[in-house]
Amino acid sequence: MQQYRPLPSFGGLPFTNPEKAKVLIISYPLEVTTTYKKGTKEGPQAILSASYNLELYDEELDDIPAEIGIYTYPDLLLSLGNVEKVLEEIEELTFNIIDYDHFPIFIGGEHTITKGILRAYNKKYKHFSVLHLDAHSDLRNEYEGTKNNHACALREASETLDIVQVGIRSMSEEEKKYVKERDNIKVYFDYKFQERFNTTLIEDILKSLKDEVYITLDFDVFNPAEMPAVGTPEPGGLSWYQVLSLLREVFKNKKVIGIDLVEFSPIPGLIYPDYMAARLIYKIIGYYKKYSLEKRL
Ligand SMILES: [Mn+2]
């Protein structure tokens, strides 16, 4: 039997009123359809626990991002088993949480959660792009007999929303064909990204995005030597500083309306990836506070 453990608060910061906080941390530890290494349901707990070790001063930003007010939601107790039912719950919870006054950060869980989150965003916001950072294009119509597999995470969204993918280094022939048929999906393959990673490439990516952007980040977008704690690792991939450079420019130039970070699957006894994931979230909070906050007021 799984033991119930309440979620720690991000950074060990005291729980405050979600109305007073600008940043909201929401955990969706869904794991039903993972196909390779299991464990992504343990992701939020591991990342939040590791966040207790963060230095709250950020040397790059010369700022204390935590002063923005961070509220960590307690465990939202999703149903177990039926993925479609869980997606409905995620859609409803997300819809009730999101607005222009708060910056929501969703922690997975498998990538399937993004499907429910984007249903809610699609209802509330118009005219936004999805920036999808991932090793895999996740555009399959169906996988292992279901449309709710993590390998299909972005397919439903791609039918109505503009998607810009970065870091892709694994895709099926069916997905390649699908992308070719669509004019709303732009793919920056990893091999090309690595060939010409510089500011003009980042400018190209920014040009492909609308003014409002939702980001979905699969931790396997990173090179697995830096981030081994993922369910479906792929060689190659972005470095810590490449991801930060891209995110920094997106926060500087666009209005980011939310982000999810998914597929983190902790490795027992190896603490570094948990801490890296927590640090990444804190960097995102720092960029939001420094570069984006005023765009929402
Ligand atoms: Mn992936």
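The values are calculated or read from the model by the stated rules, or taken from the named source; none is laboratory data. Model, not experiment: these values are computed from the prediction. With ideal geometry, Cβ positions are generated from the backbone for all residues, glycine too; neighbour counts draw on all protein chains shown.
Considering only residues of region 193-234 that are over 25 Å from residue 160 (Cα atoms) and among the small types (Gly, Ala, Ser), which is modelled with the lowest pLDDT?
231
What do you reckon, is residue 35 more than 25 Å from residue 102 (Cα to Cα) and buried (at least 21 other Cβ atoms within 10 Å of the Cβ)?
no
Can you go through 90, 64, 70 and tell me which one is modelled with pLDDT of 95 or more, of a type in the set (A, V, I, L, M, F, W, C), surrounded by fewer than 17 Cβ atoms within 10 Å (Cβ to Cβ) and touching a strand residue (DSSP E or B) at 6+ places or on another chain (Cβ under 8 Å)?
Working: 90 fails: surrounded by fewer than 17 Cβ atoms within 10 Å (Cβ to Cβ); 70 fails: surrounded by fewer than 17 Cβ atoms within 10 Å (Cβ to Cβ).
The conditions single out 64.
Before we move on, is residue 189 hydrophobic (A, V, I, L, M, F, W, C) and more than 16 Å from the ligand (Cβ to nearest atom)?
No, not satisfied.
Based on what the data block shows, is residue 181 under 17 Å from the mean Cα position of the chain (by Cα), more than 26 Å from residue 276 (Cβ to Cβ) and acidic (Asp, Glu)? Explain how you work it out, then say what you get.
Values: under 17 Å from the mean Cα position of the chain (by Cα): no; more than 26 Å from residue 276 (Cβ to Cβ): yes; acidic (Asp, Glu): yes.
So residue 181 does not fit the description; no.
Any idea how many residues of region 81-121 are among the polar types (S, T, N, Q), under 26 Å from residue 286 (Cα atoms) and touching a Ser or Thr at 6+ places or on another chain (Cβ under 7 Å)?
Quick first cut of region 81-121, residues among the polar types (S, T, N, Q) only: 82, 94, 96, 112, 114.
Of the ones still in play, those that are also under 26 Å from residue 286 (Cα atoms) are 94, 96, 114.
So of that shortlist, the ones also touching a Ser or Thr at 6+ places or on another chain (Cβ under 7 Å) come out as 114.
The number of residues fulfilling the criteria is 1.
Out of 155, 169, report the one residue that is within 16 Å of the ligand (Cβ to nearest atom), surrounded by 16 or more Cβ atoms within 10 Å (Cβ to Cβ) and more than 30 Å from residue 7 (Cβ to Cβ).
From the options 155, 169, the qualifying one is 169.
If a residue counts only when it is closer than 27 Å to residue 137 by Cβ, which helices (runs of 4 or more DSSP H) contained entirely in region 237-297 have at least 3 such residues?
Where helices (runs of 4 or more DSSP H) fall fully within region 237-297 and carry at least 3 residues being closer than 27 Å to residue 137 by Cβ, they are 240-253, 272-287.
Looking at 283, 252, which is the one that is out of contact with any strand residue (DSSP E or B) (no Cβ under 9 Å at 6 or more places or on another chain) and closer than 26 Å to residue 95 by Cα?
Step by step, each of 283, 252 is checked, and only 252 is out of contact with any strand residue (DSSP E or B) (no Cβ under 9 Å at 6 or more places or on another chain) and closer than 26 Å to residue 95 by Cα.
Being of a type in the set (Phe, Trp, Tyr) and either surrounded by 17 or more Cβ atoms within 10 Å (Cβ to Cβ) or within 16 Å of the ligand (Cβ to nearest atom) (or both) is the filter here; which residues of region 240-251 pass it?
251
If I ask for residues that are small (Gly, Ala, Ser) and either more than 16 Å from the ligand (Cβ to nearest atom) or out of contact with any helix residue (DSSP H, G or I) (no Cβ under 7 Å at 6 or more places or on another chain) (or both), which ones from region 192-239 would you list?
Of everything in region 192-239, those that are small (Gly, Ala, Ser) and either more than 16 Å from the ligand (Cβ to nearest atom) or out of contact with any helix residue (DSSP H, G or I) (no Cβ under 7 Å at 6 or more places or on another chain) (or both) turn out to be 208, 225, 239.
Filter region 109-151 for residues that are small (Gly, Ala, Ser), at pLDDT 95 or above and either assigned to a helix (DSSP H, G or I) or within 12 Å of the ligand (Cβ to nearest atom) (or both) and give the result.
Once the filter is applied, which keeps residues that are small (Gly, Ala, Ser), at pLDDT 95 or above and either assigned to a helix (DSSP H, G or I) or within 12 Å of the ligand (Cβ to nearest atom) (or both), region 109-151 yields 116, 120, 135, 137.
List pairs: first residue in region 131-155 and within 24 Å of residue 246 (Cα to Cα) and basic (Lys, Arg), second residue more than 10 Å from the ligand (Cβ to nearest atom) and assigned to a loop (DSSP other than H, G, I, E, B) anywhere in the structure, Cβ distance under 8 angstrom, at least six positions apart or on different chains.
Pairs found: 155/139; 155/140; 155/141; 155/147.
Output the number of residues of region 268-279 satisfying the condition of being surrounded by fewer than 20 Cβ atoms within 10 Å (Cβ to Cβ) and either small (Gly, Ala, Ser) or free of Cβ contacts under 8 Å to residues at least 40 places away in the same chain (or both).
Selection size over region 268-279: 3.
Being of a type in the set (A, V, I, L, M) and in a helix (DSSP H, G or I) narrows it down to one residue among 202, 215; which is it?
202
Take residue 78 and tell me if it is modelled with pLDDT of 95 or more and of a type outside the set (Gly, Ala, Ser).
No.
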